[in-house]
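The values are calculated or read from the model by the stated rules, or taken from the named source; none is laboratory data. Remember, predicted model here, so these are calculated numbers, not experimental data. FYI the Cβ positions are ideal-geometry reconstructions off the backbone, even for glycines, and counts take in every protein chain you see.
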Amino acid sequence: MGGLLAHAVHYLLVVLGLAGVAWLLLPQVHAVARGSRRTTFRRPATPSEHEERVAALRTAVENRSLTSPAESAGSRPTARDSSLWRVLAVTSSVAAAGVHAAVFPHHLDESTVVGTFFLAVTLAQAAWACLMTLDATDDRLLLAGILGSLGLVALWAFSRTVGVSWLGLGREAVGAWDVASGIWELVVVAGCLVGLRRPRSERALVMGDLGRPAWAWVLTSGVVLVVLTLTVSHN
C-alpha cells in the first residue's frame, strides 16, 4: 500500500511538472501569435481619403492618443519575471521533490518514520516551488529554501558517513539519486542567495517568459529524472 502511494505521489509530481511547463510556455505562445498577426494595409481609394488619414494621425499625435494596435485592442502583455535564478531554484526544487518521491517506497519499507519524512520533504519542496513561481517578495520564503536545502544536504551527508543508528539505519551507500538530489538542492541554495539581492518589484511578478538558458535547465532536469527513473534502482 505504501509503495503504491509513493509511486502515485511520484507520478503526480511528474504530471504537475508538465502542467507547470505548459503554463509557463502558454504566454510565450500567445506572444508569438500576436506578433505574427499583421495589420492589413489598404491603399487610399481617393486623394481625399489619404488626406483624411493624414489629418487623423496628426490629430492623434497632437492629443497624445496615438497607440499601437495591441494597446488600442486592450491586449497589453502582462509583465513576467524571467530571471534565471528563479527558474533554477524552482526547477531544482521540483526535481529534488521528484527524487524524494521516487525513493520513498524503499525508505518506507525500512522505517515508517523515515518514509513519512521523505513524503513530507517531497510535498514541502513541491509546495515551495509553487509559491516561488507566483510571488518571491517574501525573504522568509527564500531563506526557507536556503535553510531547508542545506539541512537536507547535511542530513544526507551525515547518513552516508555516520549513519542514523537511532532509527536502525546504518551508513548507506552513495547512489545516483543522492548525487542528483544534492546538486539540485545546492542549486536551490545558490538561486535563493542571488534572489535575496534582487529588487522586490521584480520578485513580485509571476515567473515566466523564460530564456534559452532557463529552458535548457528545465529540460535537462526533466531528462535526468526520466533517465534515473528508468535505469536506476529506487534504493
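Here are the numbers for this structure:
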| item | result |
| --- | --- |
| Neighbours by Cβ (under 6 Å, 6+ apart or cross-chain): first from region 168-196, at pLDDT below 95 and aromatic (Phe, Trp, Tyr); second crowded, with 19+ Cβ neighbours inside 10 Å and part of a helix (DSSP H, G or I) | TRP177/VAL99; TRP177/VAL103 |
| Whichever residue in region 178-235 is in a helix (DSSP H, G or I) and touching a strand residue (DSSP E or B) at 6+ places or on another chain (Cβ under 9 Å) and, among such residues, is surrounded by the fewest Cβ atoms within 10 Å (Cβ to Cβ) | GLU202 |
